[in-house]
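What follows is a single structure, written as structure tokens, with notes after it.
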Amino acid sequence: MFESLQDRLSGILDKLTGRGALSQDDVAAALREVRRALLEADVALPVVREFTEKVRERAVGADVVKSVTPGQMVVKIVHDTLVETLGSESAAIDLNAPPPVPIMMVGLQGSGKTTTTAKIAKRLSERQKRRVLMASLDTRRPAAQEQLKVLGEQAGIDTLPIVAGQTPVQIANRALQAARFGGHDVVLLDTAGRQFVDEALMSEMAEIADAAKPHETLLVADALTGQDAVNLAQSFDARLALSGIVLTRMDGDARGGAALSMRAVTGKPIKLVGTGEGMDALEEFHPERVAGRILGMGDIVSLVERASETIDQEKAEAIAAKMRKGAFDLDDLAEQLQQMGRIGGMSGVLGMIPGIGKMKKQIEAANLDDSLIKRQTAIISSMTRTERRKPELIKASRKKRIAAGSGTRVEEVNRLLKMHRQMADMMKQLGGKKGMKGLGALMGKGGMPGPDQLGGLSPQDLKGLPGMGGGGGGGLPPGLPPGLGNPGSFPGLPGLPKGGKKK
Amino acid sequence: MSEIDKAKKLFGKWFGGGKAEEAAPPPPQAAPAEADESASEDSGDHAQTASALTADGDECVTPAQGTALQGTSSPDPAATQASAVEPIPADGAAPETGRGRGWFQRLKQGLTRSSNALTENLTGLLRKRRLDEDTLQDLEDVLIQADLGVETAMRITEALAESRYDKEISPDEVREVLAREVEQVLAPVARPLAIDGGRKPHVILVVGVNGSGKTTTIGKLAARYRDEGRRVVLGAGDTFRAAAIEQLKVWGERTGAEVVARDQGADASGLAYDALARARQADADVLILDTAGRLQNKANLMAELEKIVRVLRKQDETAPHDVLLVLDATTGQNAMQQVEVFRQVCGVTGLAMTKLDGTARGGILVAIAAKHQLPVHFIGVGEGVDDLQPFAADEFARAIAGRTA
């Protein structure tokens, strides 16, 4: 649905390729697109204005690093500024106070307070071994108190017994008392959802805070929130002095600009994000991921994580070792193809790789999809064991047999063999150097590629990669975004090569 | 059919089909020197004012701003009335007192804040001055802040520019034009949800993302249909969220509607089947089916929704007769995506927008109306039973533009 910012900027700035530094005009043109991208990602307008100003100051006169287009340079500056604004260091929930530590949850109706309360309780009790008591102060929504009780039973967390007819302040006091008697370390107070223009409810909330003196006051807000995010965060912060924000529904497909808006206007850290309906679907906030998402640049980190979850480490390391020696046979290729299927197929992988927008269009145009992976796997399966180890054995008659066996044509068998040859050559070429490091980190060990690898491959190296150099228009800028492995070091990808120029 | 055509024509005219790319008429820069001066002086700080106002969202600024403007510009009865309405506190006890007042009053009260915020911006930046590039940019910003989206906001300002460029325009006029433009888009989609009395029951499936307000909306709907003397059955199809079933049961008790429920964790489509069977057996007029909230990018959950529809059709091929998508007014551009996917998966026939009692303006509805032409049946302006109102384009547009009757 959305074009990525990088695609857009490269359209505008392509003609500027090769100039030394970014001029005022270049930047102004780029910033118009940045503004629009941010607005489409639901970043609130006042925040967008401030942000683009900051970027302007940094970008004008900035040297364009060699081998990077001005568009990519601007994207990098935007990205870095975003990460910085979102808060570079993560902030955990602070429990450094005499127990029971009261934590109060506030937010609009339907933002996900009750679910989040239970998730946080579970996290604190499991990871930090705290005894947690949850209490629902929501006397307004039907069955809200029951909801927390049920969630408590599911997660194995104590909840305050429900007493009908009590006011929220009374419940808060009772909860603190019960926690003191019950030896709980933390008391989570789940309050009713409220509109911040509702004066009566806002003062009720302030009364609760006065009574409970929460050590942490967390605003629970929906990641789907639009322009209203600034009003929301400011209004709650003005009444309560929030200590942090929890962003829910980050598993949706919204771009999540609300994160930037709320962080920018309150200066309060985003402490946690909700990423699903399960009780464990609560994660720390990663500014780089959200920055990439806001810019529509894909989520390479998630790709790496998913890859590391689904890929057999030993196998990956074995393959990496083989590659290093230049002994990359068709069995290994088949293994690669299978692993790619597991990560989510071609489209899954492509969707997460930043800067692939242009290529993606070509690939789509060439009807290159997951069925290709299946066909290629089938071709390899139709070979004998010896053939797989020594592809050079495969001559005309063998090719015919393999094509017939896999229900494909000889051309396709040829294409696969050529692809394998190119990959093997490339592996040999890069063998033992950075390429393999990238592979090891990305595919095998599962960690994020370290900064030393980020600029590891130059665009020239990339051109050696079948299919990568052609459409992409040069390599990715060094260090963009942090944590981004070079697509070249993802060995499954050379499956793409023939896409663009299919006969 | 003809209605849709008419709507399309309107959108075509308004959103200008291919004309969108055309630039606004070239700015004739030869404006009288003095007017230019005052205008630029204004523009020097109005942007700041506008952003400061929205950023604060501070209530007490409103009346002062309003009166100050009345002093300078022509007396504006609309503004006076608006500021008279303003001090009404948004009491939590509204539902009780609500019944007495006209629905328009209540709708307006709900929308007043949002429209005031918007009006402040408009009046702040348009004090009888030339409609120039700067002004248009500011106008666009105001619309963007109402969540209309960049594209829709640009088209509206372009439409304004086409007719008014470089003409003197008063804040009052701008509001009127804006209201008219918004109404033009919304009018064709403001259609009530018509219950077909011939169907026993008329099945309404209610869908939406988590926390958009489905169950509350169902409660309010049940109250409405019960008031009309209809027999209502509610299906507690949210078998996932803790206590969602209890929540619906409470609404059943409040409204005197029968609730068909299974245990939490039960199969939602099975429950849907039961509920329809029970509603048929009880000769009910309306069956309203609740569903669990789901984000539209969760393929398995969306498939579950498809299955619910399929299962309903086993008993009644025409069911569900209405699929109501509940949208949260605070949602930004993602609402468009929600409409697209839910529509594709379960054939959404109409929309309800909740939480319009805050400062969120629900402007995305304008973009959705332009693109999808889906009827908007209801808006939710509070937590009380009576706070679900039929969607009326003119009122909504006027309220957004800050015009009263």
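Checking the range A:58-65 against the condition returns no match, with no residue being touching a Pro at 6+ places or on another chain (Cβ under 6 Å) and at pLDDT 75 or above. Is it the case, given these coordinates, that B:GLN145 is crowded, with 22+ Cβ neighbours inside 10 Å, within 14 Å of chain A (Cβ to nearest Cβ) and not basic (Lys, Arg)? Considered against the rule, which asks whether it is crowded, with 22+ Cβ neighbours inside 10 Å, within 14 Å of chain A (Cβ to nearest Cβ) and not basic (Lys, Arg), B:GLN145 comes out as yes. Checking each residue in the range A:127-158 for being more than 25 Å from the chain's Cα centre (by Cα) and in a helix (DSSP H, G or I) picks out A:ALA144, A:GLN145, A:GLU146, A:GLN147, A:LEU148, A:LYS149, A:VAL150, A:LEU151, A:GLY152, A:GLU153, A:GLN154, A:ALA155. Among residues of the range A:261-283 being free of Cβ contacts under 8 Å to residues at least 60 places away in the same chain and of a type in the set (A, V, I, L, M), the one that is nearest to A:LEU124 (Cα to Cα) is A:VAL273.
Only one of B:THR349, B:THR291 is open to solvent by less than 10 Å² (accessible area, probe 1.4 Å), at pLDDT 95 or above, over 30 Å from A:ALA37 (Cβ atoms) and among the hydroxyl-bearing types (Ser, Thr, Tyr). Can you tell me which? Give the derivation first.
On the way: B:THR349 fails: open to solvent by less than 10 Å² (accessible area, probe 1.4 Å).
The match here is B:THR291.
Looking across the range B:280-328, the residues that are hydrophobic (A, V, I, L, M, F, W, C) and within 23 Å of the chain's Cα centre (by Cα) come down to B:ILE288, B:LEU289, B:ALA292, B:LEU295, B:VAL323, B:LEU324, B:LEU325, B:VAL326, B:LEU327.
How about the range A:197-241: which of its residues are outside any helix (DSSP H, G or I) and either without any contact (Cβ under 8 Å) to a residue 40 or more places away in the chain or facing chain B (nearest Cβ under 8 Å) (or both)? Can you show your working first?
From the range A:197-241, those outside any helix (DSSP H, G or I) are A:197-198, A:213-228, A:241; that's our starting set.
Hits for the range A:197-241 are A:VAL197, A:ASP198, A:ASP222, A:LEU224, A:THR225, A:GLY226, A:GLN227, A:ASP228, A:ALA241.
Take the conditions crowded, with 22+ Cβ neighbours inside 10 Å and touching a Pro at 6+ places or on another chain (Cβ under 6 Å) and apply them to B:VAL250. Does it pass? Can you show your working first?
Numbers: crowded, with 22+ Cβ neighbours inside 10 Å: no; touching a Pro at 6+ places or on another chain (Cβ under 6 Å): yes.
Against the criterion (crowded, with 22+ Cβ neighbours inside 10 Å and touching a Pro at 6+ places or on another chain (Cβ under 6 Å)), B:VAL250 does not qualify.
Please indicate, with yes or no, whether at least one residue in the range A:51-58 is open to solvent by less than 70 Å² (accessible area, probe 1.4 Å) and assigned to a loop (DSSP other than H, G, I, E, B). So far as the range A:51-58 goes, no, none of its residues is open to solvent by less than 70 Å² (accessible area, probe 1.4 Å) and assigned to a loop (DSSP other than H, G, I, E, B).
Just a yes or no: is a residue in the range A:132-144 surrounded by fewer than 20 Cβ atoms within 10 Å (Cβ to Cβ), within 12 Å of another protein chain (Cβ to nearest Cβ) and within 29 Å of B:LEU356 (Cα to Cα)? If you could, list the steps in order and put the result at the bottom.
So the first thing to find is which residues in the range A:132-144 are surrounded by fewer than 20 Cβ atoms within 10 Å (Cβ to Cβ), and the list is A:139-140.
So of that shortlist, the ones also within 12 Å of another protein chain (Cβ to nearest Cβ) come out as A:139-140.
So of that shortlist, the ones also within 29 Å of B:LEU356 (Cα to Cα) come out as A:139-140.
Looking through the range A:132-144, at least one residue is surrounded by fewer than 20 Cβ atoms within 10 Å (Cβ to Cβ), within 12 Å of another protein chain (Cβ to nearest Cβ) and within 29 Å of B:LEU356 (Cα to Cα).
If you filter the range B:179-213 down to residues that are away from chain A (no Cβ under 14 Å) and small (Gly, Ala, Ser), you find that the one that is nearest to A:LYS113 (Cα to Cα) is B:ALA190.
Only one residue in A:ALA318, A:ALA334, A:ALA307 is small (Gly, Ala, Ser), in a helix (DSSP H, G or I), at pLDDT 60 or above and open to solvent by less than 40 Å² (accessible area, probe 1.4 Å). Which one?
Step by step, each of A:ALA318, A:ALA334, A:ALA307 is checked, and only A:ALA334 is small (Gly, Ala, Ser), in a helix (DSSP H, G or I), at pLDDT 60 or above and open to solvent by less than 40 Å² (accessible area, probe 1.4 Å).
For the range A:242-256, the set of residues classified as at the interface with another protein chain (Cβ under 8 Å from one of its Cβ atoms) and of a type in the set (A, V, I, L, M) consists of A:ALA254 only.
The values are calculated or read from the model by the stated rules, or taken from the named source; none is laboratory data. Values in this document were obtained by computation on a predicted structure and should not be read as measured data. Cβ: placed from backbone, ideal geometry, glycine included. Neighbour counts: every protein chain shown. Only protein heavy atoms, including side chains, enter the accessible area calculation; ligands, DNA and RNA are left aside. Shrake-Rupley method; radii C 1.70, N 1.55, O 1.52, S 1.80 Å.
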